[in-house]
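S.K.: Structure below; questions to follow.
Bear in mind that the values in this text are calculations on the coordinates, not laboratory data. Since the structure is predicted, the reported quantities are computational estimates derived from the model, not experimental observations. Virtual Cβ from ideal backbone geometry, glycine too; neighbours counted across all protein chains shown.
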Ligand SMILES: [Fe+2]
Ligand SMILES: [Fe+2]
């Protein structure tokens, strides 16, 4: 059993949406810390992860609600499940159960790639399409130049 500890960014996590990609890089860094810091730094790392997850998931949830995104339901549910687990794990860490935090972090490593490729990628495409569809003035100007 010589698994290398930690979690690193992989190019196929990128979904061609600048702000979401930046947020996802931060997610990877937070999970990496949960896997690699010393036990006495674990509480701080878990707090950082939870803060990050609140903001990260909150931003995506708001974007889905504001744009009435059709696939929002299960995406929002997945975010909520991760946050709920983070709070449960926090309660166990208070009891000194550091291994539970490491297991949670490993579960996040396993969860993240599929979440990004399916749910976040779908949301990113939806948001980009809406942005493109919402700029008719630019299209008219281009037509005027061409004509
Ligand atoms: Fe995300
Ligand atoms: Fe998401």
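S.K.: Where does helix 18-36 land angle-wise versus the long Cα axis of the chain, in degrees 0 to 90, nearest 10?
M.R.: It is inclined by approximately 10 degrees.
S.K.: Please work out how much length the chain gains when fully extended from residue 130 to residue 66, using 0.36 nm per residue of separation minus the C-alpha to C-alpha distance, in nm with one decimal. Walk me through the numbers before you get to the answer.
M.R.: Details: separation 64, 0.36 × 64 = 23.04 nm, distance 1.17 nm.
Result for the pair: 21.9 nm of gain on full extension.
S.K.: Go ahead and estimate [θ] at 222 nm for the chain from helices alone: -39,500 (n - 2.57) per DSSP H run with n ≥ 4, summed, over the residue count, rounded to 500.
M.R.: Details: 6 runs with 108 residues, N = 147.
Here the helix-only value at 222 nm equals -25000 deg cm²/dmol.
S.K.: Continuing with the same structure: Where the centre of each part is set by its Cα atoms, how far does the range 92-122 sit from the range 1-71, in angstrom?
M.R.: About 9 Å separates the Cα centre of the range 92-122 from the one of the range 1-71.
S.K.: Before anything else, pin down the relative contact order of the range 1-110: Cα pairs under 8 Å, at least 6 apart, normalised by residue count, whole percent. Spell out each step's value before the answer.
M.R.: On the way: 75 pairs, mean separation 30.4, N = 110.
It comes to 28 percent, rounded to a whole number.
S.K.: Can I ask one more? What residues from the range 82-125 fall in the zone where the backbone N is under 13 Å from a label point 7 Å along the Cα-to-C-beta line of residue 14?
M.R.: Once the point is set 7 Å along Cα→Cβ of residue 14, nothing inside the range 82-125 turns out to lie under 13 Å by backbone N.
S.K.: Once the piece of chain linking residue 87 and residue 26 is laid out straight, how much longer is it, given 0.36 nm per residue of separation minus the C-alpha distance between them?
M.R.: Details: separation 61, 0.36 × 61 = 21.96 nm, distance 1.94 nm.
Full extension from residue 87 to residue 26 adds 20.0 nm.
S.K.: Using Cα atoms only, what is the angle between the long axis of helix 136-146 and the major principal axis of the chain, expressed in degrees (0 to 90) to the nearest 10?
M.R.: Once rounded, one gets 50 degrees.
S.K.: Taking only Cα atoms, what is the 0 to 90° angle, nearest 10, from helix 72-94's long axis to the longest principal axis of the chain?
M.R.: 20
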